[in-house]
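To start, the structure under review is shown below, and the notes come after it.
What follows is calculated from the coordinates using simple rules that are stated; it is not laboratory data. Owing to the predicted nature of the structure, the values given are computational and were not obtained by experimental measurement. Glycine also receives a Cβ, built like all others from the backbone with ideal geometry; neighbour counts cover every protein chain displayed.
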Amino acid sequence: MNKLKDKLLFALQFLLFVLVKFWKLWIVLALILGGAYLLRGCRDTKLAGDSNTLRIQHKKSIDITPEEVRAIRRLGQFETLAVETEELAELHRAGLLHDQQIARIYVGTLRLGTDLEKAREDWFTVSGDTARLTVPRIGLLSEDFIDETRTRPFYESGQWTAEDKEKLYEQAREKMRSRCLTPQTLEEARRNCSAQLSNICFALGFRFVIVNYE
């Protein structure tokens, strides 16, 4: 029991010695802790009560001007898929002495897409961070898709007029249309159109884009 009292007495004497010996250090630590507490209290009070405190607000609605919508519409014929093809067209005519035949190879590029200038007035609407677009149906942007500078003769015998050669041209054009304007190519052009229009809207800040076709 006496030993325990001696140990406690020694501990108290040692603590008193440390407090007396390093009293300046304890004062500095107390000042630092007190200052930190005061600064934290002032900061919390300022954030809670100061109406001029900067606050970050997330807008849920995207502002797009009519001019920006018109700029997209002025893209006009919006090409989303180009299909290059070549076609053999021929005419045959029976004669008294010998038959006549003409054949030519035509090369063309069919450009598919939508014409935004033909979109209705309310084609672009906004709801919060969602853009909804209604655009004209996907189709052939131009009927003049045969490159006549790349047309080459394949076979020709007999006499043929300019009217006959025009028939060849129309024959090749209809074959190209039938070959290239398939449900598969139209669907691919539609997917490309939706992706490209969506990317334009994403660049304007929209999170969601819905593209419908007339």
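Mind giving me the FRET efficiency for R70 and R191? R0 is 30 Å, r the Cβ-Cβ distance, nearest 0.05 is fine.
Given R0 = 30 Å and the Cβ-Cβ separation, E is 0.70.
Using bins 5 angstrom wide from zero, how does P(r) for region 66-213 break down, in % of all Cα pairs?
2, 9, 16, 15, 12, 10, 9, 8, 6, 5, 4, 2, 2, 1, 0, 0
Suppose the chain between I105 and S178 were pulled fully straight at 0.36 nm per residue; how much longer would it get relative to their current alpha carbon spacing?
Here the segment from I105 to S178 would lengthen by 24.6 nm.
By the scheme Lys and Arg +1, Asp and Glu -1, what is the net charge of all other residues having a beta-carbon under 10 Å from that of Q101?
-2
Which FRET efficiency value, to the nearest 0.05, is calculated for N199 and H98 with the Förster distance at 45 angstrom and r the Cβ-Cβ distance?
Using R0 = 45 Å, I get an efficiency of 0.15.
K167: which aspartates and glutamates have alpha carbons under 20 Å from its alpha carbon, excluding same-chain residues fewer than 8 sequence positions away?
By straight Cα distance, K167 reaches E86, E87, E90, D99, E143, D144, D147, E148, E156.
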